[in-house]
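Okay, structure first, notes after.
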Amino acid sequence: MSILSGKNILLGVTGSIAVYKAIDLASRLTQAGANVEVIMTSAAAKFVSPLAFKSVTGKGVYKEEDLWGGEAHVLHVGLGHGADLLVIAPCTANTIAKIAYGLADNLLTITALAAQCPILIAPAMDAGMYEKPATAANVATLMERGVLFAGPEDGRMASGLAGKGRFMEPSKLMGHIRHALGMNGPLKGKKIVVTAGGSREAIDPVRYISNRSSGKQGYAIAQAAVDAGAAVTLITHPTGLPEPENMLVIQVDTAAEMLAEVEKATREGAHGLIMAAAVADFTPVNVSDQKIKKRDGFGQVQLTPTEDILARIALLRPTLPNLKAVIGFAAESQNLLENAREKLARKKLDLVVANDITASDAGFGVDDNRVNLLFPDGILDSLPLMSKEQVAETVVQQAIHLILKK
Ligand code: CTP
């Protein structure tokens, strides 16, 4: 179950043209399984109709008039108490100032003052307003009190001016919302290193040897670990996937670079290492520093084996007392379980996640995966076809179990 599934998200929207993007945000949250209730300020309702939010959430939209309705005395308290998270997106400089000062002059600011849940603010304002000392001081005050912020970003504003004040895109905001919901999860205070993607072993400045890995499974695992509250380092080859939020992302090209980064991050007190990357097993012996011309022909590219990252970590393990979960993958086209068992033993893993890459509906490049979990004590858990997100949650559950086990 996704971190958003069944969560009660109160979405406050204020008077910014960026409010149209909040409709997309409300839609994404709803599609991810959250119950989204919207509070609109009067200024927000001048930009878009409440019906737009109601249409995408299927839930109530509270407007300023509701503050003066029959149930008003309980409404703001009820809203603020029942929510798992209050997200104010977009949030104007005015609303930030009111919340910083504890003013409660509309339904949204009253709710913010009464709220018992965490608050996440995504500011949106014209260039210059965010950097003004008044706004900067209000933001600093709220941060000190534990209010979370997502953005604003640098870029072009509706006025045509450019600067810091641009509303964060909903796709990125989703990452911040997940982080806010998960930050006190079971992996709070724990460090998890995740690898993702294929690998690029250069032949010359233009050409390289790579593989079919899309990076989707590794990225989903990194996100699931953030959802569980972990501090995540994602070490990845260039995948073209959107850069995830709230984790340290380290881009590498070659197997050797990945080895160096994995070793460094693991030595820095990691509690878990999940190697989802399809690391190159071979690399060209000679890399031409000039583009090889067609007329000269390639001849043969001589290859040499790369170092096995998991095998290196297995050697280091006695010096890494924090490291409780080392999880590898085994992508096989034949003798799936036999080969996976061999890797489990050879790489001294706590768990190997094995999948058959010949299946057309699962594995490389597609959104689903069908995996088998193999443990050192011989236990085998064969899972049905699942989305890569579901596989990621399952793998992270296993990591949690290994890390927290006494
Ligand atoms: N792996 C690694 N270092 C490498 C190659 C692979 O740490 N140089 C990791 C992968 O990230 C994966 C696991 O080892 O978690 C198994 O990778 P896989 O390619 O299936 O196995 P190999 O050991 O490369 O064996 P083979 O190519 O014979 O299947």
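Remarks
- Answer residue from the range 316-328, given it is touching a strand residue (DSSP E or B) at 6+ places or on another chain (Cβ under 8 Å) and more than 16 Å from residue 255 (Cα to Cα) and is most open to solvent (accessible area, probe 1.4 Å) among those: 324
- Contacts under 7 angstrom Cβ, first residue in the range 206-233 being on the phi < 0 side of the Ramachandran plot, partner part of a helix (DSSP H, G or I) and among the acidic types (Asp, Glu), 6 or more apart: 220/389; 224/393
- Single unsatisfied condition, residue 300 versus (1) in contact (Cβ under 8 Å) with a residue 60 or more places away in the chain; (2) out of contact with any Phe, Trp or Tyr (no Cβ under 6 Å at 6 or more places or on another chain): (1)
- Of all residues in the range 297-315 being near the ligand (Cβ under 10 Å from one of its atoms) and assigned to a helix (DSSP H, G or I), the one that is surrounded by the fewest Cβ atoms within 10 Å (Cβ to Cβ): 311
- Just so you know, in the range 241-252 the residues that are in a loop (DSSP other than H, G, I, E, B) and more than 14 Å from the ligand (Cβ to nearest atom) include one that is modelled with the highest pLDDT, and it is 247.
- Filter pass, residue 287 being open to solvent by 30 Å² or more (accessible area, probe 1.4 Å), within 9 Å of the ligand (Cβ to nearest atom) and farther than 28 Å from residue 189 by Cβ: no
- Summed over the range 268-284, the residues that are within 23 Å of the chain's Cα centre (by Cα) and away from the ligand (no atom under 14 Å from the Cβ) give a count of 4.
- First in the range 305-316 and in the same structural domain as residue 352 (by TED's automatic domain parsing) and among the small types (Gly, Ala, Ser), second anywhere and more than 8 Å from the ligand (Cβ to nearest atom) and outside any helix (DSSP H, G or I), Cβ under 6 Å, 6 or more apart: 314/348
- Total residues in the range 245-293, condition farther than 21 Å from residue 315 by Cβ, of a type in the set (A, V, I, L, M) and free of Cβ contacts under 8 Å to residues at least 12 places away in the same chain: 0
- Residue among 175, 160 that alone is more than 15 Å from residue 14 (Cβ to Cβ), free of Cβ contacts under 8 Å to residues at least 24 places away in the same chain and small (Gly, Ala, Ser): 160
- Tally, over the range 22-57, of residues that are more than 23 Å from residue 182 (Cβ to Cβ), surrounded by fewer than 21 Cβ atoms within 10 Å (Cβ to Cβ) and touching a residue at least 24 places away in the same chain (Cβ under 8 Å): 8
The values are calculated or read from the model by the stated rules, or taken from the named source; none is laboratory data. Note that the coordinates shown come from a computational prediction; the quantities given were computed from them, not determined experimentally. Cβ atoms come from the backbone with ideal geometry, glycine included; neighbour counts cover every protein chain shown. Calculation scope for accessible area: heavy atoms of the full protein, side chains included, ligands and nucleic acids excluded. Shrake-Rupley method; radii C 1.70, N 1.55, O 1.52, S 1.80 Å.
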